[in-house]
Amino acid sequence: MKLEEKTIKSISCYHGIIVNTRLDQAQLPDGSYALREVVEHPGGVAILPLEDDGTVWCVRQFRYPFSELLLEIPAGKLEPGEDPEPAARRELSEETGLTAGRLQYLGKQYASPGYCGEVLHVYLARDLQQGEAHLDTGEFLNVEKHPLSELVDLALAGQLPDVKTAVAVLKTRLLLDRERES
């Protein structure tokens, strides 16, 4: 069975600062119709900055939708037409003051594919050089360093609820293990 859905009609519902929303009528594989709510997002980048000693530079910031302080890796949204790698370098520098000698692509992640079109491009940053952070206006965060092993434990215990951070931490751990084996 072909599992694709075809957009029949699309209605724009909201145009915001970061996201837009629309309501689509879609034709399903069996020929019937359903409504699909879609959040349009420009996409983003997330960077796991890893020191040679196995520590990771993280940020802790208040996330309004959850009214919580979250521990995360540096991240930010893409500007229209912006390539992910330069955006990753920009966000890393803005939030932590770090520049990376090596930036390795760990893949793209769909934040919540049931309704949101956001694509997150995840990078591992190594050979780090320290500089001065230069946060965006209205951006407030604390920069912290944590051992990768501690972050792995937090992710496995369900205490690292930010998906991009948990994915990047676990992928990095597996990647480092494979590098050691070869």
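The values are calculated or read from the model by the stated rules, or taken from the named source; none is laboratory data. Everything numeric in this text was worked out from a predicted model, so none of it was measured. Counting neighbours? That spans all protein chains shown, and the Cβs are built from the backbone with ideal geometry, glycine included.
May I ask you to verify whether residue 100 is closer than 22 Å to residue 170 by Cα and out of contact with any His (no Cβ under 9 Å at 6 or more places or on another chain)? Walk me through how you get there before you give the answer.
Values: closer than 22 Å to residue 170 by Cα: yes; out of contact with any His (no Cβ under 9 Å at 6 or more places or on another chain): yes.
Criteria met by residue 100.
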Count of the stretch 65-83 residues which are part of a loop (DSSP other than H, G, I, E, B), in contact with a helix residue (DSSP H, G or I) (Cβ under 6 Å, 6 or more places away or on another chain) and more than 16 Å from residue 155 (Cβ to Cβ): 2
Checking residue 83 against (1) among the charged types (D, E, K, R); (2) surrounded by fewer than 18 Cβ atoms within 10 Å (Cβ to Cβ); (3) in the same structural domain as residue 134 (by TED's automatic domain parsing); (4) within 30 Å of residue 6 (Cβ to Cβ), the condition it does not meet: (4)
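This table checks each residue for (1) closer than 30 Å to residue 148 by Cβ; (2) assigned by TED's automatic domain parsing to the domain that holds residue 158; (3) among the β-branched types (Val, Ile, Thr).
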site: 19; (1), (2), (3): no, no, yes
site: 25; (1), (2), (3): no, no, no
site: 28; (1), (2), (3): no, no, no
site: 49; (1), (2), (3): yes, yes, no
site: 77; (1), (2), (3): yes, yes, no
site: 90; (1), (2), (3): yes, yes, no
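Yes or no: residue 69 touching a Lys or Arg at 6+ places or on another chain (Cβ under 9 Å) and outside the structural domain of residue 101 (by TED's automatic domain parsing)?
Numbers: touching a Lys or Arg at 6+ places or on another chain (Cβ under 9 Å): yes; outside the structural domain of residue 101 (by TED's automatic domain parsing): no.
The answer is no for residue 69.
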Failed condition for residue 133, given (1) at pLDDT 95 or above; (2) touching an Asp or Glu at 6+ places or on another chain (Cβ under 7 Å): (1)
First in the stretch 8-22 and in contact (Cβ under 8 Å) with a residue 60 or more places away in the chain, second anywhere and surrounded by 11 or more Cβ atoms within 10 Å (Cβ to Cβ), Cβ under 7 Å, 6 or more apart: none
